[in-house]
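K.L.:
This structure is in structure tokens; I'll ask about it shortly.
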Amino acid sequence: MSARRATTAAMAVAAAVAATVAAHAPGVASGSGASTARSAPSTAVGVDLDEFDVVVYRRRAPQGTVRFNVTNHGEDPHDLVVIDAKGRRRGTVGVLQPAERRTLRLTLRTRGVYRLVCTLGNHEQRGMLARMRITKATQRRASRSGR
Ligand SMILES: [Cu+2]
């Protein structure tokens, strides 16, 4: 009886080890949190607005949902509009007052260089423009070694 219990315990340990190994294997990151994760993972991108600057804390993001966490660190109101490579407006966070912070959630499936601009006054001409690249969704997994 005790031998049988020991065998069961050993099998449980083996299963736990297998699960741990699987969780750390490349390419299954989305599977480990499948119960809570949505179908497509989203990428958070911090954006700071200022006079007269747009600072993006991530130069590239994989295709899919991007959450732009935008903060106005300036003394004037600013907005942020996301424009794709073909010049189409994909979304705006709206006008942010000083110290205001808001998240813009966009699904960006088309690869290429996107522009992030403030459209108030002549702010874009004065420097409120940044670029970021939407890359192939699989690129992120391929470069996992550098985490
Ligand atoms: Cu502005």
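K.L.:
Would you mind computing, in nm to one decimal, how far apart the modelled labels at ASP76 and THR92 are, each placed 7 Å from Cα along Cα→Cβ?
P.N.:
About 1.6 nm, to one decimal.
K.L.:
First select every other residue whose beta carbon is under 9 angstrom from the beta carbon of MET128; then total the charges, Lys and Arg +1, Asp and Glu -1.
P.N.:
After counting each charged neighbour, the total is -3.
K.L.:
First select every other residue whose beta carbon is under 12 angstrom from the beta carbon of GLY91; then total the charges, Lys and Arg +1, Asp and Glu -1.
P.N.:
+4
K.L.:
Okay, moving on. In a shell of Cβ-Cβ distance under 9 Å around ASN69, excluding ASN69 itself, what net charge do Lys and Arg (+1) and Asp and Glu (-1) give?
P.N.:
+3
K.L.:
How far is it, in nm, from the label point at SER42 to the one at TYR57 when both lie 7 Å from their Cα along the line to the Cβ?
P.N.:
1.6 nm
K.L.:
Read phi for every residue in the range 106-111 and hand back ³J(HN,Hα) as whole Hz from Karplus 6.51 cos²θ - 1.76 cosθ + 1.60, θ = phi - 60°, with x for Gly and Pro.
P.N.:
In residue order, the calculated couplings are 10, 9, 10, 9, 8, 6 Hz.
K.L.:
Loop only per DSSP, at most 14 neighbouring Cβ atoms within 10 Å: give me the trypsin sites (Lys or Arg not before Pro) in the range 46-144, ordered by residue number.
P.N.:
ARG58, ARG59, LYS86, ARG88, ARG109, ARG126, LYS136
K.L.:
Tell me the Kirkwood hydrodynamic radius of the range 72-115 in angstroms, computed as one over the mean inverse distance between distinct C-alpha pairs.
P.N.:
11.5 Å
K.L.:
Further, regarding this structure: DSSP beta bridges in the range 42-146, what fraction antiparallel, as a percent rounded to 5?
P.N.:
70 percent
Each value in this text was obtained by applying a stated rule to the coordinates, not by laboratory testing. Here the structure is a predicted model, which is why all the values come from computation and not from measurement. Virtual Cβ from ideal backbone geometry, glycine too; neighbours counted across all protein chains shown.
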